[in-house]
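Structure first, commentary second.
Any read-out appearing in this document is the output of simple, stated calculations on the displayed coordinates, not a laboratory observation. Predicted model only: the values in this text are computed from it and were never measured. Don't worry about glycine lacking a Cβ; one is built from the backbone with ideal geometry, like all the others, and counts go over all protein chains shown.
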Amino acid sequence: MSSRWRRFLPDALALALLFALWLLFFWRLITPIAADQASLKQGDFSGQFVTFAAYQYERLANGEIPLWNPYNNGGLPFIADTQAAVFYPPRLLTIALAYAGGGWSYHALELEMTVHVLAYSIMMYAFVRRLTLNQRGSILGGVVAALISGYGGFLSGYPPLQLALLEAAIWLPLGAIGLLEFARGERPRYGWLLLTGLALGLSWMAGHPQTSYFLSLCCTAYLAYLVYSKRWRWTVFLISSVIFAGIAFGLAAVQLLPGLEYLPQTARADLTYDDKGNGFPFQDIVQFIFPGVVSLFSPLYVGFMGLTLALIAAWRRLPQSGFWLIVLIFALVWSFGANSALYPLLYNILPGLRFFRGQERAAFLVANSLAILAGLGAAHLVSWDVARDYAAALRIRVTLRNVFLFVFAIAALIFVAWLGNGSAYGGIMPNIALGVLMVGVVYLVLTFLLGREHDPRWFWLIPLVIVFELFTVNMGATSNYDSVPPQDQLSLTPPALLAPILENSSSPFRVDGFRGLTDNYGSLYAIQDIHGISPLFLSSARSIIDRDFPNPQAWEVFAVRYVLSDWNELPVDSQIVANGVDRWGAVNLHDLENPRPFAQIMYDAGIAANDDAARAMLYDPAFNARNTVILEEETGLSLSGDTPQPATISEFAPEHIVIETNSALDGILSVALVDYPGWSATIDGQPIEIIRAYGALSAVSLPAGEHTVEFIYAPRSFQYGAVISTIAWLIVIVGGVTLIFASVRTWNGRKQRTTGLGSTS
């Protein structure tokens, strides 16, 4: 075996170990044996991510860019919905592989999730390995950090079900590697900032801006720490920040620009401080040791071995441990949200923080910091000279013994309480027992390792304990997995209840699918639902759609033809054409007898000064929405007040609607299309202004005669973003290739000097 391969063999073995443990952790998602298979639970994973990805797959498979989605929320700008992750490269790869494999499936997205966990663990291994490169325990430290980050309570908790969060989170170690290499020499190595920019760009494209926000703040703070440690000028920090931020923005611009246009117009912008300040209750900190005793998920849990190693790293003041300890403490306090005094301060000084709720997600930084600190601590133990530093080693052993006695005493008290009230304490007793067991095991293992000098191979007991801890708690957790194959979890074939809707080939119409259809399944079954569960819902449309049930005015203006409800009779004329069940019980499918056409010519208009006034007029009991359109401005047309007449839709596609009209009088063409930037209209090929109708929808002035009206969605935010992202990706690819070749030449040059092959004597 060559010297080069001998040098890389230990890393290859470590990566093989991580791969094998990944297979073990997810074996029930990967096994081909149907009786043993499990799948991710239904919920946001199925109702949000599988459905949106299915729509993305369908459009891309047909060679179309999914800019608009007509199937949920009464229509939404799909490219601008961050969780759709339309151009996220790993998602595009998943879609390509699914296409090659015969079509979209529930399992395709499950596999995407598992591969992200593997990639995360490998990147964390690489970062801690590089951080501890010259230490004897470097490989051990990298493996420990990889295991804790990949299989700890945070990433194994709700992120697999909230897929965008998981996929945005995994890029932290890659960004940190770029910054570490940037500051490794005597002078800044700016080329490595390409890697940090790439990591941040991928994170922002993955679809969970709050997590990417945390990641961006962390990378900026890490850069500041490294620049300060090297005693470089502040201008280095400023230039470097601009470089990697510019790269990240450029890579993600194709999604960011539409998203930034969309966000202020969504209901998210209406959230109050109280809505956004929620975080962990303080009692959640007990889940550092006892997982699952406070809440269903335990995102702070990294196992007692990992927690101990992290504390050792901080206590021993290992290189960079101070920075990650500060991040850990800061993020932990942040994760309590408005329960602590930190969040109100941050809320008022940090730009962009006002858009995010759920401050407990700062546990993302807590988990990463603990993983890195634990890796540093594990690497340090291997090279610790116990004989020379016996007092410190003894202090650790005594502290662990005292912790074990304390935890055992608490467990004994809970055990006594359980004997007296089994129903109250029975659910947490297994977790308490496991916590005590693991504290005892960690005490015994570290006492043994710190008792005297050992062969370094004994220190591999540490990852063995970590695997037992984390896999016991998190592998196959019933909070995330059902013991059914993925094809039984969700059928991609619409249920029989929806058959009358799908068989109706008349002019486009919408449904009220809050029951029976639910979630974002309109996108999966190509049914235009006025509801959906995407957290980004146009505020104007939502103010009408989510006002109440039954909601005849919303059904009217959004051209609803079918209503799914457990009601046997609606307040408008309808007939029940199908029956079925959903997760809540029996459901009836009502076919409205006189639904409003998707597009109709109207000859009477009321004027409202703003959206609120339009909604007030719409819900006035005396208002007739069938005969009168509500506009935000005068048209200058002389309207006759005649009975409305339908228009003919000759072409209907997500981004292109063609309407044929024939009217003897001037009128208003009212279309059940949400009014949103990027939509433009023409009459007989000539541009015409879109007028806001009902405070949420679209209309155009229509002269008498025969006309062809076209609506086209081609947002400039996407066009500009696509140009910027194309340039940015070319720069990163060319720069990355150049950096790789330069690094190879440097490495070969060093090798020649070391071996003497470069000598001319």
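For the reader, a short list of remarks on this structure follows.
- Inter-label distance, I607 to Q487: 6.3 nm, where each label sits 7 Å from its Cα along the C-beta direction.
- Cα centroid of the stretch 239-307 to Cα centroid of the stretch 405-420, whole Å: 35 Å
- Across the stretch 568-573, computed HN-Hα scalar couplings (Karplus, 6.51 cos²θ - 1.76 cosθ + 1.60, θ = phi - 60°) run 8, 8, 9, x, 10, 5 Hz from first to last residue, x flagging Gly and Pro.
- Local electrostatic count at V484 - Lys and Arg +1, Asp and Glu -1, tallied over other residues with Cβ under 12 Å: -1
- FRET efficiency for the L394 to F468 pair, using the beta carbon distance and R₀ = 22 Å, is estimated at 0.25.
- A full extension of the chain between S650 and F355 corresponds to an added length of 102.1 nm, given 0.36 nm per residue minus the alpha carbon distance.
- Here each label is just a point 7 Å from Cα along the line to Cβ, and for S743 and I410 those points are 4.3 nm apart.
- Segment N627-S479, length gained on full extension (0.36 nm per residue, minus Cα span): 48.1 nm
- Charge dipole of the chain about the Cα centre (unit charges at C-beta), most positive-ward option of I33, N73, I501: I33
- Taking amide hydrogens as placed 1.01 Å from N in the peptide plane, the amide H of I688 sits under 5 Å from those of A681, T682, I683, each at least 5 positions away in sequence or on another chain.
- Antiparallel DSSP beta bridges within the chain, as percent of all bridges there, nearest 5: 90 percent
- For the chain, the longest principal axis of the C-alpha atoms and the axis of helix 390-420 are separated by about 50°.
- Backbone phi angles across the stretch 510-527, fed through the Karplus curve with coefficients 6.51, -1.76 and 1.60 (θ = phi - 60°), yield HN-Hα couplings of 10, 10, 9, x, 4, 10, x, 8, 6, 6, 10, 5, x, 5, 6, 9, 6, 10 Hz in residue order; Gly and Pro are listed as x.
- Close amide H pairs (under 5 Å, H built 1.01 Å from N) link L697 with D675, residues at least 5 positions away or on another chain.
- Separation between Cα centres of the stretch 650-718 and the stretch 147-187, rounded to whole Å: 46 Å
- Tensor-based shape of the stretch 219-277 (alpha-carbon gyration tensor, a/c under 1.5 rounded, otherwise prolate or oblate): oblate
- Each Lys or Arg adds one and each Asp or Glu subtracts one; over the other residues with Cβ under 11 Å from the Cβ of I691, this totals -4.
- Couplings 3J(HN,Hα) of the stretch 698-712, computed from phi: 10, 7, 9, 6, 10, x, 4, x, 8, 9, 10, 10, 10, 10, 10 Hz, in residue order, whole Hz [Karplus 6.51 cos²θ - 1.76 cosθ + 1.60, θ = phi - 60°; x for Gly and Pro].
- Dividing the summed -39500 (n - 2.57) terms of all DSSP H runs of n ≥ 4 by the residue count of the chain sets its mean residue ellipticity at 222 nm at -16000 deg cm²/dmol.
- Top positive-direction residue, dipole computed over the chain with Cβ charges, set P159, P344, A367: A367
- Degrees between helix 716-755 axis and first principal axis of the chain (Cα, 0 to 90, nearest 10): 20 degrees
- Whether the stretch 610-751 is rounded, prolate or oblate, judged on the alpha carbon gyration tensor where a/c under 1.5 counts as rounded: prolate
- Under the simplified labelling scheme, the R6-Y228 pair shows an inter-label distance of 4.4 nm, with each label point 7 Å from Cα along Cα→Cβ.
- Summing Lys and Arg as +1 and Asp and Glu as -1 over all other residues whose Cβ lies under 13 Å from the Cβ of R583 gives a net charge of -1.
- Rounded to the nearest 10 degrees, the angle from helix 461-474 to the longest Cα principal axis of the chain is 30 degrees.
- Backbone amide hydrogens, once placed in the peptide plane, bring G606 within less than 5 Å of V629, I630, L631, excluding anything fewer than 5 places away on its chain.
- Label zone at W27, where the point sits 7 Å out along the Cα-to-Cβ direction: the stretch 134-165 residues whose backbone N lies under 20 Å: 147-148, 150-152, 156
- Think of the chain as a dipole: +1 on every Lys or Arg Cβ, -1 on every Asp or Glu Cβ, centred on the Cα centre; then among A608, L226, L300, L226 lies furthest on the positive end.
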